[in-house]
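To start, the structure under review is shown below, and the notes come after it.
The values are calculated or read from the model by the stated rules, or taken from the named source; none is laboratory data. This one's a predicted model, so the numbers in the text were calculated from it and none came from an experiment. Cβ atoms come from the backbone with ideal geometry, glycine included; neighbour counts cover every protein chain shown. With ligands, DNA and RNA removed, areas are computed over all heavy atoms of the protein, side chains included. Shrake-Rupley method; radii C 1.70, N 1.55, O 1.52, S 1.80 Å.
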Amino acid sequence: MEHITKLHSLPRRFFDKVILERPGLVIICLLAVVSFLGYKAKDFKLDASAETLVLEHDIDLRYSRLINSRYGLQDYLLMTYAPKDDLFSDKVLANLTRLRDELKHVERVSSVVSILDVPLLESPPVPLKELASNLPTLESPTVDKKLARIEFSKSPLYQNLLVSPDLKTTALQIKFPIDEIYQDLLTRRNHFREKQATNRLSAAEVAEFKKVAVQFQKHRDKMKKTRHQDIAAIRAIMDNYRQDAELFLGGISMIADDLISFIKNDLKTFGLGVLFLLVVALSVVFRKMRWIFLPILCCAFSAISMMGLLGLFGWEVTVISSNFISLQLIITMAITIHLIVRYRELHFNNPEAEHRKLILDAVSLMLMPCLYAALTTIAGFGSLLFCDILPVITFGWMMSAGITLSLVMTFLLFPALLMLMKKGTPQARRNSHFSLTSFLARFTEAHGVMILVISCITLIVSAIGISRLAVENSFIDYFKHTTEIYQGMKVIDQSLGGTTPLDVIIELDEPEALAQKVAPETDAQNEDEFEDFDEFDEAQHDEKYWFTSDKMAQVEKIHDYLDGLPETGKVLSLETIMKIGRKLNNAKELDNFALALLYSKIPDNFKNMVLKPYVSVEHNEVRFSIRVRDSEKTLKRDKLLKEIRHDLVSKLGIKKKHAHLTGMLVLYNNMLQSLFSSQILTLGVVVLALMSMFLILFRSLKIALIAIFPNLLSIGVVLGVMGWLNIPLDMMTITIAAISVGIAVDDTIHYIHRFKHEFKVDRNYIKTVRRCHGSIGHAMYYTSVTIIIGFSILVLSNFIPSIYFGLLTGLAMLIALIAALTLLPQLLVVFKPFGEEEKKT
């Protein structure tokens with residue numbers, strides 16, 4: 001029997017005098033806590049907004065919000081409609097009319113833009129001076145449908161926006177009203193956030209900040225629910241038209257809503273799936289009901305309590321943290337299995353010992369290694385706090401709290417429940433089930449040098465793979481091909497001008513004084529036309545003269561450059577309406593007078609479509625709205641953005657301070673580019689943290705270095721495999737390195753901790769290796785297998801990064817187990833950190 005009466009006397013007395021003395025009371029108290037937290041789980045929330053894809057303190061994010069506000073950009077959904085018959089046939093247009101009208105009646109839809117509604121300027125051609133009159137649409141009785149077909153196929157405005165170049169697919173833009181309350185709360189919240197970053201908030205401002213944050217969250221949650229209802233209503237309408245056409249829905253709101261559905265499904269699937277697989281694994285390994293019941297109950301208590309804590313503290317689960325339930329269950333299960341294996345081993349070696357003493361010895365012996373194992377795992381997750389991506393930071397906090405909760409819950413619940421059960425008879429060991437650990441012990445003893453050589457070669461090959469890591473990743477590739485997100489984005493990307501928005505904002509040179517306005521030409525016709533300008537107020541009078549031929553020539557050059565880039569799809573700007581204007585002006589260039597006339601004659605509803613989103617006269621700037629083809633395999637976002645910035649200055653003569661790039665492409669690229677530095681930082685932090693803990697735990701630099709090497713091999717292999725297989729770094733895969741080394745290091749701590757005690761028996765390294773493989777090796781084997789099986793359930797996700805996360809973390813666990821049972825003991829044998837062996841007499 002091991003001498004443990006003096007070991008960790010304070011925790012031992014606590015377990016003996018409190019937990020084991022009053023197990024029923026302990027369980028009642030735990031039930032009360034879990035019940036309270038279970039109630040708080042009702043406040044458990046999910047978030048899949050665009051903010052989860054950007055950096056926390058990105059200055060481009062602030063500028064993007066400013067531009068969105070300035071140009072009044074609305075939230076909208078895009079529905080693609082590909083009929084089986086000809087798009088311009090009477091039957092299809094009738095179906096399209098009914099579909100549009102039904103969509104208009106959805107409660108919160110403000111308008112629907114389709115090929116039925118937009119003004120037609122060339123079907124037949126409309127003279128420039130007649131633009132102010134009622135322009136025909138496809139529904140007008142006088143419209144020529146043959147000319148309309150030609151106009152839609154060649155229009156610089158409608159092609160690749162409302163119709164595909166082959167005229168087989170059309171789009172309906174479903175607009176929602178601008179949420180003024182949301183915009184106001186968002187602006188106020190961000191103001192306080194930015195001010196807080198400089199530590200300048202007064203007590204009154206702190207109180208106001210909290211109030212605004214609560215109001216913002218409540219309003220946003222309310223809008224999420226209403227938008228979900230809107231999308232459900234729109235999809236119900238779509239279902240009535242699928243027999244005659246192929247329909248898909250796209251847009252940021254839809255993607256965010258579907259992502260929340262994915263998260264909910266993943267939480268349910270992963271939680272239940274992991275639970276089922278763990279029950280199967282426990283049944284196979286232990287074959288006794290109590291050893292299935294106890295771990296499952298510990299896992300359930302921990303998971304429910306964690307969900308309650310998330311609700312209590314308002315931490316929202318995102319796509320990145322959607323697998324937290326799986327991680328929680330797996331980590332809790334690992335702690336429980338170590339306790340079970342230790343108790344069974346003590347029971348087998350001491351069948352006559354009292355039940356209470358066996359439990360006390362098991363929890364006392366395993367407390368410190370489990371504590372340090374938990375701390376190292378927390379260090380792995382804690383390193384995520386140094387990332388700049390808010391959901392990753394939240395995930396780090398979330399899992400650090402979850403591990404702490406699992407450790408406390410398991411060490412309270414496990415001994416209390418076990419104390420209420422009968423002692424039972426010790427189970428005989430089944431050596432056949434331990435063949436792997438026994439084989440690895442023999443293999444290490446016989447081929448130690450080969451293990452060291454293979455490990456070094458593996459590390460070198462992995463380092464080469466790591467050098468190949470890239471951060472380029474298409475958002476469309478985050479989803480399985482069977483999901484509507486993927487299918488809809490693919491249609492929009494390939495047939496309707498691209499998916500990822502990019503805005504180029506150009507501040508033009510200072511306008512000339514209004515005194516130098518262009519005088520109209522002197523012919524009588526122009527004088528008559530110019531008399532119409534007297535209708536306009538002074539603001540409009542000044543505004544129309546802002547549009548000069550010099551400015552439009554500059555806009556044309558920039559537009560044509562952007563449109564000519566192979567990565568860009570649809571480009572919209574002032575030049576779009578200028579191209580139409582030149583056609584209406586008999587293919588002649590528009591002089592200053594013609595530009596002023598064009599501005600004055602365009603109907604307001606058409607002006608809102610082709611002018612206001614692309615120019616801010618007040619700020620003397622123009623906006624180029626670009627959609628980039630996200631599915632383009634050759635797309636290199638960072639290279640494209642750098643190329644545009646460079647060419648605007650060097651080729652097009654724009655001053656550097658007057659050219660700005662913004663939009664989701666810029667924000668997403670900033671996040672991707674930060675991943676390299678974040679990966680290096682998080683890995684560096686976790687390695688330093690682990691080294692520090694090893695030094696505290698083992699009080700030996702040599703042991704600390706030995707302990708860290710197998711874990712570096714594990715994570716090196718995972719990152720190397722990612723590099724060799726061209727799996728890019730993204731928001732999910734960046735967490736694998738820190739998490740894997742945090743979890744995998746548990747094996748190292750448990751093995752060295754046991755090795756230290758076993759070595760004292762005979763001070764023989766080889767014999768100690770055999771004993772450790774035959775004892776703690778079993779627990780390491782069981783926990784690693786359950787973790788690998790648990791993570792394998794992630795392959796069922798619709799979110800591709802989650803699949804990578806599951807497979808790569810499972811690989812990390814496998815490598816860590818093999819390294820801990822081969823490389824680690826060989827290093828201990830070679831370097832003898834516990835002193836020389838006892839010489840035989």
(request) Could you list all residues from region 279-306 that are touching a helix residue (DSSP H, G or I) at 6+ places or on another chain (Cβ under 6 Å), surrounded by fewer than 24 Cβ atoms within 10 Å (Cβ to Cβ) and within 16 Å of residue 268 (Cβ to Cβ)? (result) 304
(request) Can you work out which of the residues in region 434-490 that are farther than 20 Å from residue 320 by Cα and of a type in the set (Asp, Glu) is nearest to the chain's Cα centre (by Cα)? (result) 484
(request) Take region 659-683 and flag every residue that is part of a helix (DSSP H, G or I) and open to solvent by less than 30 Å² (accessible area, probe 1.4 Å). (result) 665, 666, 667, 668, 669, 671, 672, 674, 675, 678, 679, 682
(request) Being over 35 Å from the mean Cα position of the chain (by Cα) and of a type in the set (S, T, N, Q) is the filter; apply it to region 148-169 and report the residue that is surrounded by the most Cβ atoms within 10 Å (Cβ to Cβ). (result) 155
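Go over the candidates 503, 550, 477, 542 one by one and state the one that is among the acidic types (Asp, Glu), modelled with pLDDT of 50 or more and not in a helix (DSSP H, G or I).
Working: 550 fails: not in a helix (DSSP H, G or I); 477 fails: not in a helix (DSSP H, G or I); 542 fails: not in a helix (DSSP H, G or I).
Among 503, 550, 477, 542, only 503 is among the acidic types (Asp, Glu), modelled with pLDDT of 50 or more and not in a helix (DSSP H, G or I).
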(request) Please work out which residue is nearest to residue 159 (Cα to Cα), limiting yourself to region 617-645 and to residues that are among the aliphatic types (A, V, I, L, M) and part of a loop (DSSP other than H, G, I, E, B). (result) 635
(message) So in region 599-616, with the set limited to residues that are in a loop (DSSP other than H, G, I, E, B) and in contact (Cβ under 8 Å) with a residue 60 or more places away in the chain, which one is nearest to residue 574 (Cα to Cα)?
(response) 602
(request) Among the residues of region 34-81, write down those that are of a type in the set (Val, Ile, Thr), in a helix (DSSP H, G or I), open to solvent by less than 30 Å² (accessible area, probe 1.4 Å) and modelled with pLDDT of 80 or more. (result) 34, 67
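Given 581, 569, which one is of a type in the set (Gly, Ala, Ser), open to solvent by less than 20 Å² (accessible area, probe 1.4 Å) and in a helix (DSSP H, G or I)?
Values: 569 fails: in a helix (DSSP H, G or I).
None of the others qualify; the one that does is 581.
Within region 711-718, is there a residue that is part of a loop (DSSP other than H, G, I, E, B), in contact (Cβ under 8 Å) with a residue 24 or more places away in the chain and surrounded by fewer than 22 Cβ atoms within 10 Å (Cβ to Cβ)? If you could, list the steps in order and put the result at the bottom.
Initial filter on region 711-718 (part of a loop (DSSP other than H, G, I, E, B)): none.
No; the residues of region 711-718 include none that is part of a loop (DSSP other than H, G, I, E, B), in contact (Cβ under 8 Å) with a residue 24 or more places away in the chain and surrounded by fewer than 22 Cβ atoms within 10 Å (Cβ to Cβ).
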(message) Conditions first: (1) assigned to a helix (DSSP H, G or I); (2) in contact with a helix residue (DSSP H, G or I) (Cβ under 8 Å, 6 or more places away or on another chain); (3) open to solvent by 20 Å² or more (accessible area, probe 1.4 Å); (4) modelled with pLDDT under 90. Residue 404 passes all but one, so which condition is the exception?
(response) (4)
(request) From (1) surrounded by fewer than 23 Cβ atoms within 10 Å (Cβ to Cβ); (2) free of Cβ contacts under 8 Å to residues at least 24 places away in the same chain; (3) in a helix (DSSP H, G or I), pick out the condition that doesn't hold for residue 356. (result) (2)
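Per-residue answers, yes or no, for (1) at positive phi; (2) assigned to a helix (DSSP H, G or I); (3) at pLDDT 85 or above; (4) of a type in the set (A, V, I, L, M, F, W, C):
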site	(1), (2), (3), (4)
319	no, no, no, yes
328	no, yes, no, no
332	no, yes, yes, no
340	no, yes, yes, yes
360	no, yes, yes, yes
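Determine, yes or no, whether residue 84 is charged (D, E, K, R) and at pLDDT below 85. I'd like the intermediate steps shown before the answer.
Values: charged (D, E, K, R): yes; at pLDDT below 85: no.
So residue 84 fails the test.
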(request) List every residue pair whose Cβ atoms sit under 6 Å apart, with the two residues 6 or more apart in sequence or on different chains, where the first one lies in region 217-238 and is under 18 Å from residue 484 (Cβ atoms) and the second, anywhere, is assigned to a helix (DSSP H, G or I). (result) 227/253; 228/257; 231/254; 231/257; 237/102
(request) Could you please find all residues in region 641-658 being β-branched (Val, Ile, Thr) and open to solvent by less than 40 Å² (accessible area, probe 1.4 Å)? (result) 644, 654
(request) Could you please let me know if residue 123 is open to solvent by less than 20 Å² (accessible area, probe 1.4 Å), in contact with a helix residue (DSSP H, G or I) (Cβ under 9 Å, 6 or more places away or on another chain), among the hydroxyl-bearing types (Ser, Thr, Tyr) and farther than 29 Å from residue 628 by Cα? (result) yes
(request) Could you pull out the residue among 702, 655 that is touching a strand residue (DSSP E or B) at 6+ places or on another chain (Cβ under 9 Å) and among the basic types (Lys, Arg)? (result) 655
(message) Give all pairs with beta carbons closer than 9 Å in which a residue from region 638-651 that is in contact (Cβ under 8 Å) with a residue 60 or more places away in the chain and within 17 Å of residue 627 (Cα to Cα) meets a residue that is among the aromatic types (Phe, Trp, Tyr) and in a helix (DSSP H, G or I); count only pairs at least 6 apart in sequence or on separate chains.
(response) 644/561
(request) Return yes when residue 235 is open to solvent by 40 Å² or more (accessible area, probe 1.4 Å) and part of a loop (DSSP other than H, G, I, E, B) and no when it is not. (result) no
